[in-house]
Amino acid sequence: MGMNISTKQAYGKALLSLGSQNIKIIVLDADLAKATCTLEFGETFPDRFFNMGIAEQDLFATAAGLSTCGLIPFATTFAMFSAGRAYDQIRNSIAYPNLNVKIVGVHGGISTGPDGASHQCIEDFSLMRTIPNMVVVSPTDPLETAKAVYAIAKYEGPVYLRLTRDPMPNITREDKDFIIGKADRLFDGKDLTIFATGVMVHKALKVRELLNLEGISARIVNVHTIKPIDTEEILLAASETNKIVTLEDHNIIGGLGSAVSEVVTDNYPVPILRIGVNDVFGQSGTSDDLFEYYGLGTDCITESIKEFLIKKAVLNKKN
Amino acid sequence: MYRQAELKILEEKAKLVRRYIIKMIANAKSGHPGGSLSAVEVVTALYYKIMNIDPHNPEWEDRDRFILSKGHACPVIYAVLADLKYFSINDLKELRKIGKLLQGHPSIKTPGIDMATGSLGQGLSIANGMALGGKINGKTYQVYALLGDGELQEGQIWEAVMSAYHNKLDNLTVFVDYNKLQLDGSCVSLKSFSGLGEKWRAFGWSVIEIDGHNFEQILSAITIAKSTKNIPTVIIANTIKGKGVSFMENEVAWHGGATDDNQLSIALNEIGGEDAWV
Ligand SMILES: Cc1ncc(C[n+]2csc(CCOP(=O)(O)OP(=O)(O)O)c2C)c(N)n1
């Protein structure tokens, strides 16, 4: 067993191998090549790497132009400065003309840690999900990230890829194909389904064990694609487990919780508990401290879920 | 001309500020020493000699404003604000810690911080708004903004440069911390450019180029800026990233990072002076 790496480091490695197989791969960065892990690609393929300086608006519009020449740009910077800073350029110059640009947002969520709220993008799913044509991908571990990089390179069209900062063990299976839009059921269960994405899938696994101790059986689904959302898997969860919890390192407004809720309310209404950052800005701290503080530690999540189950059981009896 | 004694006091303050910068980043185990150290003299001159402020009343509406557009350099302003008693020296020990006052990038909730920054390229537009507001409200306060040289790559800066000229913001003085380095490398290695002063001049600004570590030059440049009417002034401060700590000077690797115990004591030794962090 080697040392754990972060999904952004896995991205850097995957880019290297992808770049050696496909000369159309171009990488752009905005003076964060060290932090986003594109540096090695740049050193290996200097003529296919553009460090655009601190000019994100310029970067994303340039990537749009490159893609019209049949190239596949991976336009990379922090989530805040891609989804956030360059929103207009992404919407109007990439998504509207449906261009083949891969938008990579590193440091998504409060797990970004000590840099504080200005750098903890908790709105990227929401911002990117509401743009027509856009695909939104959020892998959970290094293994899945590498597969996701290959899958989105193969896919023709705009994609937003969210990556994170903390080292993560691999929890997905080696032999599992990464199919855009197809969620990955990690454990079956009958009392509720937890849909989680990114770093929170790791928490979901821990929460499952804690719930098990209390005799509660939770199905765990890793939602690596926020858009298109896996409607089929959500409706199976609604009809078979009747209760749904969503778990994300993102504002509870507009992200995974909203995507799942939309499917459920349209098709098969069941109670849903959305767990995430509760519509507040983050702050500086270690990611572990921040998860605890914002109610996203495993104990706190477990308690919230138990409360939700009790409340819904009482209401069900009243009905 | 400033009297030698006055300059001596400022030089001692600069040492104090550098000590706090190094200590708080070491204690937080992360932060941005290079760009904090290059800005020490400019920020020290402003806060101890120039700006009309009241630490007991941080929100006083007639105060001069300071926007640290390159928000990652906040340790420099935290050090000054703590010394001026906007908050306590002990707060410096809690930089970047959960539930504490001093965020990794400036937050508006911190006393003495006039605007949240951190996403580069936005501070000049904000300063313009404050300067324009001052004019609209008939106020005589001054607005100061400190920009990074790498930060000038943001297109929004140049939009704001045009706005400030258009609105005749002579109550605005901008500093460029011209340390020639950014995060991944030297500024020209990422985006080469020529004639920094010429560019601002071409946009109609008054331009003063100085040694940004020389208090006398900083103070006289500000005096000229304040008496320049109808157009805004930019002071291009030639500086050294990591100034004052030999192993950090001109080392892009020290853009971000914290010293270990050994490096910390070497750094404090080189800086000299004393501080109230016990
Ligand atoms: C919009 C935006 N893009 C990227 C960053 C990440 N970042 C932080 S500091 C920095 C380099 C800044 O260089 P410069 O403006 O020259 O500041 P200095 O060298 O004085 O520290 C970068 C790219 C950011 N904070 N904001």
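For chain A, what does the helix formula give at 222 nm: sum of -39500 (n - 2.57) over DSSP H segments with n ≥ 4, over the residue count, nearest 500 deg cm²/dmol?
The helix-only estimate for chain A comes to -11500 deg cm²/dmol at 222 nm.
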Exercise. Roughly how compact is region B:130-278, stated as its Cα Rg over 2.2 N^0.38 Å to two decimals?
Worked result: 1.21
Problem set entry | Among A:H119, A:N170, A:V104 - extreme Cα towards positive end, dipole of region A:86-232, charges at beta-carbon | A:V104
Exercise. Which value at 222 nm does chain B reach when only helices count, each DSSP H run of 4 or more adding -39,500 (n - 2.57), with the total divided by all residues and rounded to the nearest 500 deg cm²/dmol?
Worked result: -12000 deg cm²/dmol
Exercise. If exposed GluC sites (Glu not before Pro) are those in a DSSP loop with at most 13 other Cβ within 10 Å, what is the longest stretch of chain B that has none?
Worked result: B:62-273
For this session: Towards the positive end of the charge dipole of chain B, with charges on Cβ (+1 Lys, Arg; -1 Asp, Glu), say which of B:I231, B:I21, B:H255 has the farthest Cα.
Result: B:I231
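Would you kindly work out the equivalent ellipsoid of region B:5-88 from its C-alpha gyration tensor and give its semi-axes, the square roots of five times the eigenvalues, largest first in whole Å?
On the way: eigenvalues 83, 49, 28 Å².
Its equivalent ellipsoid spans semi-axes of 20, 16, 12 Å.
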Exercise. Given N residues in region A:182-261, what is Rg(Cα) / (2.2 N^0.38 Å)?
Worked result: 0.99
Exercise. Taking the Cα centre of each part, how many Å lie between region B:107-127 and region B:21-77?
Worked result: 11
Exercise. What relative contact order, as a whole-number percentage, does region A:184-318 give when Cα pairs under 8 Å and 6 or more residues apart are counted?
Worked result: 24
Exercise. Counting other Cβ atoms within 10 Å, which trypsin sites (Lys or Arg not before Pro) in region A:55-152 have at most 13 and lie in a DSSP loop?
Worked result: none
Seminar exercise, completed: Each label sits 7 Å from Cα toward the beta-carbon; between B:K100 and B:T223 the label points are separated, in nm, by 4.0
For this session: May I ask you to evaluate 6.51 cos²θ - 1.76 cosθ + 1.60, the Karplus curve with θ = phi - 60°, for each residue of region A:127-133 and list the ³J(HN,Hα) values in order in whole Hz, giving x for glycine and proline?
Result: 4, 7, 5, 8, 8, x, 6
Problem set entry | Dipole magnitude of chain B, debye to nearest 20 (Cβ charges: Lys/Arg +1, Asp/Glu -1, about Cα centre) | 360
For this session: Return the distance in nm (one decimal) between the two label points of a simple spin-label model at A:S217 and B:E216, each offset 7 Å from Cα along Cα→Cβ.
Result: 8.4
Exercise. Which of A:K13/B:K241; B:K135/B:K229; A:K154/B:K191; A:K206/B:K100 have a Cα-Cα distance over 25 Å?
Worked result: A:K13/B:K241; A:K154/B:K191; A:K206/B:K100
Exercise. Which of the aspartates and glutamates could be linked to B:K139 by a straight reach, that is with a Cα gap under 20 Å, when you skip same-chain ones fewer than 8 residues away?
Worked result: B:D54, B:E59, B:E61, B:D62, B:D64, B:D114, B:D170
For this session: In whole Å, largest first, what are the principal axis extents of the Cα atoms in region B:209-258?
Result: 42, 20, 16
Exercise. How many Å² of accessible area per residue for the protein assembly as shown, probe 1.4 Å?
Worked result: 39
For this session: With a Förster radius of 30 Å, plug the Cβ-Cβ distance of B:W60 and A:D88 into 1/(1 + (r/R0)^6) and report the FRET value to the nearest 0.05.
Result: 0.25
Exercise. When all alpha-carbon pairs of region B:177-256 are counted, what percent fall beyond 22 Å?
Worked result: 36
Seminar exercise, completed: Over its alpha-carbon atoms, region A:5-154 yields an Rg and a Dmax in Å of 13.9, 40
Problem set entry | Cross-link partners of A:K176 among lysines (Cα-Cα below 16 Å; sequence separation of 8 or more within a chain) | A:K147
Exercise. Among the listed pairs B:K15/B:K243; A:K190/A:K312; B:K8/B:K180; B:K199/B:K226; B:K13/B:K85; B:K70/B:K168, which are separated by more than 19 Å between their Cα atoms?
Worked result: B:K8/B:K180; B:K199/B:K226; B:K70/B:K168
For this session: Any chance you could check region A:18-62 for residues losing 50 Å² or more of accessible area when the partner protein chains are in, compared with the chain on its own (1.4 Å probe)?
Result: A:D31, A:K34, A:I54
For this session: Just subtract the alpha-carbon distance of B:Q4 and B:L84 from 0.36 nm times their residue separation and send over the number in nm, one decimal.
Result: 26.6 nm
Exercise. Stretched out fully, how many nm does the piece from A:L71 to A:D279 gain, at 0.36 nm a residue minus the Cα gap?
Worked result: 71.1 nm
Seminar exercise, completed: In whole angstrom, the spacing between the Cα centers of region A:252-312 and region A:94-152 equals 19
Exercise. For q = 0.12 Å⁻¹, what log10 I(q)/I(0) does region B:45-106 give under the Debye formula with an equal point scatterer on each alpha carbon and no solvent?
Worked result: -0.30
Exercise. If one takes the accessible area of chain B alone plus chain A alone and subtracts that of the pair, with a 1.4 Å probe, what total in Å², rounded to the nearest 100, results?
Worked result: 2000
Problem set entry | Dimensionless Rg over Rh [chain B; C-alpha; Kirkwood] | 0.94
Seminar exercise, completed: Stokes-Einstein, Kirkwood over Cα pairs, the protein assembly as shown, 4 °C, 1.567 mPa s; D in µm²/s equals 51
Seminar exercise, completed: In nm, the gap between the two label points placed 7 Å beyond Cα toward Cβ at A:S239 and B:N250 is 7.2
For this session: Take chain B, connect every pair of alpha-carbon atoms lying under 10 Å apart with a spring to form a Gaussian network, then pick out the residue of B:G31, B:G129, B:G195 with the largest mean-square fluctuation.
Result: B:G195
For this session: Using a 10 Å Cβ count of at most 12 others and DSSP loop calls, identify the longest part of chain B lacking such trypsin sites (Lys or Arg not before Pro).
Result: B:110-228
Problem set entry | Computed E for B:N230/A:E262 - FRET, C-beta separation, R0 60 angstrom, nearest 0.05 | 0.60
Problem set entry | Cα pair distances exceeding 35 angstrom across chain A, given as percent | 17
Exercise. Taking the Cα atoms of region A:125-215 alone, what are Rg (to one decimal) and Dmax (as a whole number) in Å?
Worked result: 14.5, 46
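Please work out the Kirkwood hydrodynamic radius for region A:184-318, using every pair of different C-alpha atoms, and report it in angstroms with one decimal place.
14.8
If I take R0 = 45 Å and measure r between the Cβ atoms of B:E270 and B:V188 in this structure, what FRET efficiency does the formula 1/(1 + (r/R0)^6) give, to the nearest 0.05?
It comes out at approximately 0.95.
The values are calculated or read from the model by the stated rules, or taken from the named source; none is laboratory data. Here the structure is a predicted model, which is why all the values come from computation and not from measurement. Positions of Cβ are generated from backbone atoms using ideal geometry, with glycine treated the same way; all protein chains shown enter the neighbour counts. Remember, those area values only see protein heavy atoms, side chains included, never the ligands or the DNA or RNA. Shrake-Rupley method; radii C 1.70, N 1.55, O 1.52, S 1.80 Å.
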